[in-house]
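Heads up: the structure comes next, in structure tokens.
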Amino acid sequence: MSKENTIPDISVVVPLFNEEESLPELTGWIRRVMEANGFSYEIIFVNDGSTDGSERVIERLAEENPCIRAVAFARNYGKSPALNVGFARARGRVVITMDADLQDSPDEIPELYRMITEDGYDLVSGWKKKRYDPLSKTIPTKLFNATARRVSGIHNLHDFNCGLKAYRSEVVKHIEVYGDMHRYIPYLAKNAGYTRIGEKVVHHQARKYGTTKFGLDRFVNGYLDLATLWFQSRFGIKPMHIFGLLGSAMFVIGFLAVLTLIVMKIVSMVNPSYAFYLTNSVYFYLSLAAMIMGLQFFLTGFTGELITRNSPERNNYLISSEI
Ligand code: UDP
Ligand code: MG
């Protein structure tokens, strides 16, 4: 398959940041697998602002192999933006993403391809059942995946963030990966309406060259992103449903507090031994705080609704059939 306008069987999208040592080996390996299985293919390297010699290596590889296409960012934007750009350019029937560092094995490609084309999956995620990463990474990852499973409702996935994944081409054209959301692509796909999500145990290797490009902040950011996604999928297009509820709850609390104050005042007027200063009462402060918070929740809700009205996503539905 070359750069003309024919649809290859497989697009391999490879985001990379400073991976010059790995690229020749990775390319050779992918090529061997493709040729052995008779797949037409393209490899799309997305150079995420590498500062080493990656770009030169890619140029050299592309000269030797017409199946290689490449995009280079002017600076380092992150793995998610790199995937997004790769997805936009991918032309293959099946799109496979793979890390550039040789931790994922191209030998998995044929089976992943088969699961998409024959078993009817929209997305198949790799599962690094036996991982070759330091403990500082594998233990938090287990926790992270357990949370992601619960929140996303995708209970059959063990490894959300595996770099090796396969997609029906339509799926990658209908999801937008931004920020650090590459950790949750299955959740993004599910929210877009692609629910046939499968998993395949894949071989994993220790990083051969270079070092990991993510630090420990990955876990903090990972959880925050999960919270965002959860919120978006529950209330993204109807923010008033949550903020209105919270606001109403606050008003009820405030109202009850005021009511209590009034009753206490009346009682103290009848029986002066119960006399008290309003400003000494906890109910006074409770009512103040609750009313102010209630108002803020409502205002946030209204503002959210106004933003949603302007969102291009508000009427985005995935239609599965039409007659
Ligand atoms: N990567 C990228 N941009 C970044 C960070 C990473 O394109 O800002 C690529 C990196 O080159 C590799 C893949 O994303 O191909 C996974 O990164 P890494 O192997 O460092 O992550 P880990 O395996 O440690 O989770
Ligand atoms: Mg890696």
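The values are calculated or read from the model by the stated rules, or taken from the named source; none is laboratory data. What you see is a predicted model, and the numbers here were worked out from it, not measured in a lab. Reconstructed Cβ throughout: ideal geometry from the backbone, glycine too, with neighbour counts over all protein chains shown.
Set side by side, the residues GLY92, GLY86 differ, and just one is closer than 25 Å to LEU318 by Cα, surrounded by 22 or more Cβ atoms within 10 Å (Cβ to Cβ) and within 12 Å of ligand 1 (Cβ to nearest atom), which is GLY86.
Kindly indicate the residue of region 303-323 that is hydrophobic (A, V, I, L, M, F, W, C) and out of contact with any Phe, Trp or Tyr (no Cβ under 8 Å at 6 or more places or on another chain) and also modelled with the lowest pLDDT among those meeting that condition.
The first filter runs over region 303-323 and keeps only residues hydrophobic (A, V, I, L, M, F, W, C), leaving 306-307, 318-319, 323.
Narrowing further to those that are out of contact with any Phe, Trp or Tyr (no Cβ under 8 Å at 6 or more places or on another chain): 306-307, 319, 323.
Values: LEU306: 95, ILE307: 94, ILE319: 87, ILE323: 91.
Checking each candidate, the answer is ILE319.
GLU108 meets the conditions (1) within 13 Å of ligand 1 (Cβ to nearest atom); (2) closer than 22 Å to VAL177 by Cβ; (3) out of contact with any Ser or Thr (no Cβ under 9 Å at 6 or more places or on another chain); (4) among the charged types (D, E, K, R) in every case but one. The failed one is (1). Filtering region 113-130 to residues that are touching a Gly at 6+ places or on another chain (Cβ under 8 Å) and away from ligand 1 (no atom under 14 Å from the Cβ) leaves MET115, ASP119, TYR121, LEU123, VAL124, SER125.
In region 195-216, is there at least one residue being in a helix (DSSP H, G or I), under 24 Å from ARG314 (Cβ atoms) and touching a residue at least 12 places away in the same chain (Cβ under 8 Å)? Looking for residues that are in a helix (DSSP H, G or I), under 24 Å from ARG314 (Cβ atoms) and touching a residue at least 12 places away in the same chain (Cβ under 8 Å), one finds none in region 195-216, hence no. Annotation: LYS238 fulfils all but one of (1) in contact with a helix residue (DSSP H, G or I) (Cβ under 6 Å, 6 or more places away or on another chain); (2) more than 16 Å from ligand 1 (Cβ to nearest atom); (3) assigned to a loop (DSSP other than H, G, I, E, B); the unmet one is (1). You will find that of ILE197, ILE185, ILE237, the residue that is surrounded by fewer than 18 Cβ atoms within 10 Å (Cβ to Cβ) and among the aliphatic types (A, V, I, L, M) is ILE237 and no other. The single residue among VAL177, VAL202 that is more than 16 Å from ligand 2 (Cβ to nearest atom) and at negative phi turns out to be VAL177.
Does PHE17 qualify as being under 29 Å from ILE197 (Cβ atoms) and within 16 Å of ligand 2 (Cβ to nearest atom)?
Numbers: under 29 Å from ILE197 (Cβ atoms): yes; within 16 Å of ligand 2 (Cβ to nearest atom): yes.
Here the answer is yes, as PHE17 does meet what is asked.
Residues that are surrounded by 21 or more Cβ atoms within 10 Å (Cβ to Cβ), assigned by TED's automatic domain parsing to the domain that holds THR211 and assigned to a strand (DSSP E or B) occur in region 32-41; there is at least one. Considering only region 42-52, state which residues are in a loop (DSSP other than H, G, I, E, B) and either surrounded by 15 or more Cβ atoms within 10 Å (Cβ to Cβ) or in contact (Cβ under 8 Å) with a residue 40 or more places away in the chain (or both). Across region 42-52, the qualifying residues are ASP48, GLY49, SER50. Considering only residues in region 136-179 that are surrounded by fewer than 20 Cβ atoms within 10 Å (Cβ to Cβ) and basic (Lys, Arg), the one that is nearest to ILE7 (Cα to Cα) turns out to be LYS173.
Within region 162-172, if we keep just the residues that are in a helix (DSSP H, G or I) and farther than 12 Å from GLY86 by Cβ, the residue that is farthest from ligand 1 (Cβ to nearest atom) turns out to be GLU170.
For the criterion of being assigned by TED's automatic domain parsing to the domain that holds VAL124, over 30 Å from ALA146 (Cβ atoms) and not polar (S, T, N, Q), TYR209 passes.
What about PHE231, is it within 16 Å of ligand 1 (Cβ to nearest atom), of a type outside the set (Asp, Glu), surrounded by fewer than 20 Cβ atoms within 10 Å (Cβ to Cβ) and more than 18 Å from PRO81 (Cβ to Cβ)? Here the answer is no, as PHE231 does not meet what is asked.
Just to be sure before I move on: is TYR132 assigned by TED's automatic domain parsing to the domain that holds LYS213 and in a loop (DSSP other than H, G, I, E, B) in the structure I sent?
Values: assigned by TED's automatic domain parsing to the domain that holds LYS213: yes; in a loop (DSSP other than H, G, I, E, B): yes.
Yes: the conditions hold for TYR132.
(1) buried (at least 16 other Cβ atoms within 10 Å of the Cβ); (2) of a type in the set (Asp, Glu); (3) more than 21 Å from VAL46 (Cβ to Cβ); (4) within 16 Å of ligand 1 (Cβ to nearest atom): which one isn't true of ASP133, the others all being true? Every listed condition holds for ASP133 apart from (1).
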